[in-house]
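The values are calculated or read from the model by the stated rules, or taken from the named source; none is laboratory data. These numbers come from a predicted model, not from an experiment. Note: ideal-geometry Cβ built from the backbone for every residue, glycine included; neighbour counts use all protein chains shown. All accessible areas refer to the heavy atoms of the entire protein, side chains included, with ligands and DNA or RNA removed. Shrake-Rupley method; radii C 1.70, N 1.55, O 1.52, S 1.80 Å.
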Amino acid sequence: MLNTLWLVFFIAASISGLFQWVVLNDAEVFGRIVRSLFDMADLSVQVMILLFGTLTLWLGFLRIAEAAGLVEKLGQLLAPLFRRLMPGVPAGHPALGLITLNFAANGLGLDNAATPIGLRAMRELQKLNPEPKTATNAQILFLVLNSSSLTLLPVTIFMYRAQQGAPDPTMVFLPILLATSVSSLVGLLSVAVMQRIRLQDPVVLLWLGGLILILGTFMAVLATLSTAAIAAFSSLAGNLALFSIIMLFLIVGAYKKVAVYECFVEGAKEGFDIAKSLLPYLVAMLCAIGVLRASGALDAALDAIRWAATGLSLDTRFIDALPTALAKPFSGSAARALLIETMQHFGVDSFPALLAATVQGSTETTFYVLAVYFGAVGIQRARHAVGCALLADMAGILASIGICYWFFGSGT
C-alpha cells in the first residue's frame, strides 16, 4: 500500500506539472518541484534533530515506568473490563493479561513496547480460534480498539509542533484527548452491536459511565469558557499532565528502588536508535508531499473539495487539513509528512495545522494495524473488523473537526 501511495504522489505531481507547463504556460513549475525536493530533505533533517532529543528523553522516562511496574499495574486495573468485553476468552487466560498490557502501553505512549505485546496477545487469542483463518470476536474487538488510537499522551504531536516553532506545543492536548475518546468509544460500541456484547454489565457500565462523566464534565467546564480561555486551559492541562506523569514515574521508581538514572539512560539509548531509523522514511514521504504541493496537484484536489463545500455553505477551513486525515488510515509516515507540510505551508498555529495535529493524534493507521496483527497469525477473513475500525476512524476525524472549530474556530 505504501509503495503504491508513494508512487502515485510522484505520478500525480508529474501530470500536474505538465498541465501547468503546457496548458497554463507556467515554465517555472518544474523548478519549483525540484527545489521542493531539496527543501523537504532539509526539513527532514531539522525534524530529526528534535526527534532524536524527544524520543531519547521520553523513552528514558518510560523505561523507568516499566521498571517500576506502573505499566503492569495499569494492566491489572483494566483486566476486569476486558474479561467482560471478551467473554469467549477464559478467565485467567494469558491473552487477557497481554491485552491489558498492550492497552496500558498504548495509553502511556509506549508504542515500541505495545506492538510486540499486542502481537503476543494475538497469538494467544489464535490458540482459542476454532477457525484459524477467520477472526474471532475477541480478536476483532482487540484490533478495533487498537486501531481507534488509544494514546492519551501524544508526545510526538507536541514534538512536531515544537520543532515547527509553536509557542505552546501542548495547545492541542485537550482536543486530541476528546477526539480520541470519541473514536475509541465509537469503535467499542460498533463492535458491541455487531457481537451483541452485554454492555449493561456493572463493570462495563462503571467504566463507560466514568468515561462519559469525565468527558461530560470537560464539556460542561469548557462550555463556560471563551475561546482564548479554552486554548489556555488546554495548554495548562497538557503541560501539567505531562510533567505530573514524569514526576510520578520518578517518584514511584525511586520508591521501588529502581536505579532511575541508569534506567533512564538505558531507555534513552533505545530512543536514539529508533529515531535514527526513521530518517529515510521521513525524507521519502516529505519529498513526495513536497512535489505534490509544488506541482499544484494537492491544491487542485483541495480546491475541488472546497468548491463542493462552498456550494453547501460550509466553513471551508477544515479542507486544508483533509490530506492528513485521508492518509492516516493507510500510512502513518504519509500522514506525519502531511502534518509537517501543513504546518510549514499554513503556519504551525493556523487552523488547518491545529486540526491536522488533532486528527493525527486521534486516529490510527487502520489498514497497517489490521495487516500486521492479522497477518502475524494468518487471519484471512476479517469479518466486521475493517468496517468497525473505519467507522471509529471516521468518528475521530469528524470529532476532531467539530472540536477544533469549538476550540480554535475564531482564530486564524
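Residues in the range 338-359: is at least one aromatic (Phe, Trp, Tyr) and either within 30 Å of LYS133 (Cα to Cα) or in contact with an Asp or Glu (Cβ under 7 Å, 6 or more places away or on another chain) (or both)?
Pass one, the range 338-359, residues aromatic (Phe, Trp, Tyr): 346, 351.
When the remaining residues are screened for being either within 30 Å of LYS133 (Cα to Cα) or in contact with an Asp or Glu (Cβ under 7 Å, 6 or more places away or on another chain) (or both), the result is 346.
Yes: one or more hits.
Kindly indicate the residue of the range 363-412 that is of a type in the set (Val, Ile, Thr) and in contact with an Asp or Glu (Cβ under 8 Å, 6 or more places away or on another chain) and also modelled with the lowest pLDDT among those meeting that condition. So that I can check it myself, show each step before the final result.
Going residue by residue through the range 363-412, those that are of a type in the set (Val, Ile, Thr) are 363, 365-366, 369, 372, 377, 379, 386, 397, 401, 403, 412.
Then drop every residue that is not in contact with an Asp or Glu (Cβ under 8 Å, 6 or more places away or on another chain), which leaves 363, 366, 412.
Numbers: THR363: 82, THR366: 76, THR412: 49.
Ranking the candidates gives THR412 first.
Taking the range 49-69, which residues are out of contact with any Gly (no Cβ under 6 Å at 6 or more places or on another chain), of a type in the set (A, V, I, L, M) and more than 16 Å from VAL155 (Cβ to Cβ)?
Listed by number, the residues that qualify are ILE49, ALA67.
List every residue pair whose Cβ atoms sit under 6 Å apart, with the two residues 6 or more apart in sequence or on different chains, where the first one lies in the range 77-91 and is closer than 14 Å to ARG198 by Cβ and the second, anywhere, is charged (D, E, K, R).
That search, which allows pairs on different chains as well, returns ARG84/ASP201.
Residues to consider are GLN360, GLN344; find the one that is modelled with pLDDT of 85 or more, out of contact with any Cys (no Cβ under 9 Å at 6 or more places or on another chain), part of a helix (DSSP H, G or I) and surrounded by fewer than 20 Cβ atoms within 10 Å (Cβ to Cβ).
Only one candidate passes the filter, namely GLN344.
What about PRO130, is it free of Cβ contacts under 8 Å to residues at least 12 places away in the same chain, outside any helix (DSSP H, G or I) and open to solvent by 20 Å² or more (accessible area, probe 1.4 Å)? Even if it seems obvious, please write down each step before you answer.
On the way: free of Cβ contacts under 8 Å to residues at least 12 places away in the same chain: yes; outside any helix (DSSP H, G or I): yes; open to solvent by 20 Å² or more (accessible area, probe 1.4 Å): yes.
So PRO130 fits the description; yes.
Anything in the range 15-38 that is under 14 Å from CYS287 (Cβ atoms) and surrounded by fewer than 16 Cβ atoms within 10 Å (Cβ to Cβ)? List them, or say none.
VAL34, ARG35, PHE38
Pairs please, first residue from the range 198-210 and touching a residue at least 40 places away in the same chain (Cβ under 8 Å), second anywhere and surrounded by 11 or more Cβ atoms within 10 Å (Cβ to Cβ) and of a type outside the set (A, V, I, L, M, F, W, C), Cβ atoms under 6 Å, 6+ apart in sequence or on different chains.
These pairs meet every condition: ASP201/ARG84; VAL203/PRO80; VAL203/ARG84; VAL204/ARG84.
Okay, residues lined up against (1) part of a helix (DSSP H, G or I); (2) modelled with pLDDT under 85:
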position	(1), (2)
LEU250	yes, no
VAL258	no, no
PHE264	yes, no
ASP273	yes, yes
SER277	yes, yes
PRO280	yes, yes
ALA288	yes, yes
LEU292	yes, yes
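Go through ALA192, ALA179, ALA220 for me and flag whichever is among the hydrophobic types (A, V, I, L, M, F, W, C) and at pLDDT below 85.
Matching residue, one of ALA192, ALA179, ALA220: ALA220.
Residues of the range 305-341 being in a loop (DSSP other than H, G, I, E, B) and either in contact with a strand residue (DSSP E or B) (Cβ under 8 Å, 6 or more places away or on another chain) or at negative phi (or both), which ones?
LEU312, LEU314, ASP315, THR316, LYS328, PRO329, PHE330, SER331
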